[in-house]
Amino acid sequence: MSVDNPVKGRTSSATTSKRRLGVPAVTFMIIAASAPLTVLAGGVTTTFAVTGVVGVPLSFLILGGILALFAVGYAAMSRYVTNAGAFYAYIAQGISRPAGVGASLVALMAYNLMQIGIYGLFGFTVSSLLSARLGINVPWWIPVLVCIAIVGWLGVNRVDLSAKVLGVLVALEFVVVIAYDVISLAVAPEGVSAEAFSPATLFVPGIGAVLSFGIAAFMGFESAAIYGEESKDPQHTVARATFAAVGIIAVFYAVSAWAMTVSTGPSSVIAAATTSGPDMIFSFLGAHGGVLLSDIAQLLFVTSLFAALVSFHNAVARYFFSLGRERVLPSALAKVRTGSGAPFAGSLAQTVIAVVVTVAFAIAGSGSDLGEMYPVLTMFTWLTNSGAMGLVLLMAVVSVAVIGFFRKQRHAASLWVKVIAPGLGFVLLALVFGLITANFNVLLGQTESTPASFILPALVLLPGVVGIIWGLRLRRSQPALYARIGHGSEDD
């Protein structure tokens, strides 16, 4: 049944007949969003430099454990709720429809902020490479606009095409990072020390900022449910891909961050990260692995960003599709492309938003005192950290929704799955959200509050309030439409 007119009778996703994704494909889509090389070169070095805490590797294992608790209930609920809106549908069915609508707008804003923010780092990186390697000076926003066009083209084509592209890029990233890890352990100027895994190196002043930075590295792992309607076996694919992604990301980042401490020695890693930043890895590879390996790593740094952009673009497009299908947003957003089943209108909407925001930052940054670093210190830093804040908040709320869903539906599941794991997940995620809020100025690279300190969180939180009000209005004015909220892909 077509989604072009999702108002009449039963509404069903046109993508449900295009079940092309298996566990490996969905897992690659998830890991691509976390961008392994980007996290290591950008996120981990920044965390060391800003916090001065050596125990960063241990933080990834702790965060992986927290998210694994969240994933227990999340994955269990995915067996019964298959919806491209994911968080939206889970909260609507587990808590209330107005809360679901509020969550949908928070999710839409958060994913857009994450995706568009990454364009800032992408533009800066490509512009710098062109200048350094070819002597061509190109404004950062030109590579961004070209990239937006390519990402948009992939977004309106078959989702398995995106998965194949991302699979190749992520595999190459893993090879390069593993090579870095091995070389680091071989060089080890202070010996192969496990000091970075000692609790004494993490549980110090600054742990809040470490966890705040670290949680952003996992963002995207929760997106498996978004592809449920396009999975070959949604009752099992989503759960398996989610647990696989959490485990791989946590262990891989912990080992690689540890290797970074070994490459310089635990006593020198903070100074090295502060001095070199993202170039720390590439300089090390150039000195100990050869110029070719360093150049390949820098190229893959760009493709790592590209992979994350494609993954988040797909997530945003599917949220637009889901909300349009249920007429929470205009129904035109539910249009899909014939043949591919891809959410054409949602993909186009995200592309247009990305262009508008990029142009706005390009104009605002003209003549800025920040110079070439402007897109990194504003567009990338501001938007991605704000997006991560929103997603952590949503995961905490989803944990509550899981408990509510199993209490209402009485599906067969253990007490651990229905209550204990999601309850612990809620407490721990709420704690992480509090740490993000308390350390938000640090995440933005600011020593004191500025207008951005309040405007950016408001961009994430206010849509939730608006969504709840809109949901309550729909309950009064359009009860039939209201009844379908969070149930868009289900038969009546």
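The values are calculated or read from the model by the stated rules, or taken from the named source; none is laboratory data. Nothing here was measured: the structure is a model prediction, and the numbers come from that model. No Cβ is skipped: glycine too gets one built from the backbone with ideal geometry, and neighbour counts run over all protein chains shown. Remember, those area values only see protein heavy atoms, side chains included, never the ligands or the DNA or RNA. Shrake-Rupley method; radii C 1.70, N 1.55, O 1.52, S 1.80 Å.
Residues 307, 250, 245, 254: which one is open to solvent by less than 30 Å² (accessible area, probe 1.4 Å), among the small types (Gly, Ala, Ser), in contact with a Gly (Cβ under 9 Å, 6 or more places away or on another chain) and modelled with pLDDT under 90?
Working: 307 fails: in contact with a Gly (Cβ under 9 Å, 6 or more places away or on another chain); 250 fails: modelled with pLDDT under 90; 254 fails: modelled with pLDDT under 90.
None of the others qualify; the one that does is 245.
Scanning the stretch 325-341 for residues being assigned to a helix (DSSP H, G or I) and in contact (Cβ under 8 Å) with a residue 24 or more places away in the chain gives a total of 3.
Selection of first residues in the stretch 285-311 that are in contact (Cβ under 8 Å) with a residue 40 or more places away in the chain and of second residues that are open to solvent by 30 Å² or more (accessible area, probe 1.4 Å) and in a helix (DSSP H, G or I), restricted to Cβ pairs under 6 Å at least 6 apart or on distinct chains, gives the following pairs, ordered by first then second residue: 285/293; 288/183; 288/187; 289/183; 300/172.
Filtering the stretch 58-79 for residues that are modelled with pLDDT of 85 or more and hydroxyl-bearing (Ser, Thr, Tyr) leaves a non-empty set.
If the condition is being open to solvent by 70 Å² or more (accessible area, probe 1.4 Å) and not in a loop (DSSP other than H, G, I, E, B), then the stretch 370-380 contributes 372, 373, 377.
Just to confirm my filter: which helices (runs of 4 or more DSSP H) fall fully inside the stretch 41-160 and include at least 2 residues that are free of Cβ contacts under 8 Å to residues at least 24 places away in the same chain and farther than 25 Å from residue 323 by Cα? Outline the logic, then answer.
Numbers: elements: 45-51, 56-78, 87-94, 97-129, 141-155.
Filter on the stretch 41-160 gives 141-155.
Of all the listed residues (196, 200), the sole one being assigned to a helix (DSSP H, G or I) and open to solvent by 70 Å² or more (accessible area, probe 1.4 Å) is 200. Only a single item in (1) crowded, with 20+ Cβ neighbours inside 10 Å; (2) within 30 Å of residue 128 (Cα to Cα) is not met by residue 464, and it is number (2). Considering the stretch 342-369, and only residues there that are free of Cβ contacts under 8 Å to residues at least 60 places away in the same chain, part of a loop (DSSP other than H, G, I, E, B) and open to solvent by less than 60 Å² (accessible area, probe 1.4 Å), the residue that is farthest from residue 156 (Cα to Cα) turns out to be 368.
Consider the stretch 314-341 and keep the residues that are farther than 24 Å from residue 471 by Cα and either at pLDDT 90 or above or of a type outside the set (Val, Ile, Thr) (or both). The one that is surrounded by the most Cβ atoms within 10 Å (Cβ to Cβ) is 314.
Can you tell me which residue among 486, 471 is in contact (Cβ under 8 Å) with a residue 60 or more places away in the chain and assigned to a loop (DSSP other than H, G, I, E, B)? I'd like the intermediate steps shown before the answer.
Working: 471 fails: assigned to a loop (DSSP other than H, G, I, E, B).
When all the criteria are applied, what remains is 486.
For the stretch 416-449, the set of residues classified as open to solvent by less than 60 Å² (accessible area, probe 1.4 Å), of a type in the set (Val, Ile, Thr) and within 14 Å of residue 75 (Cα to Cα) consists of 417 only.
Of the set (1) in a helix (DSSP H, G or I); (2) surrounded by fewer than 24 Cβ atoms within 10 Å (Cβ to Cβ); (3) at pLDDT 75 or above, all apply to residue 177 but (2).
Against the conditions (1) open to solvent by 70 Å² or more (accessible area, probe 1.4 Å); (2) over 29 Å from residue 206 (Cβ atoms), residue 413 satisfies every one except (1).
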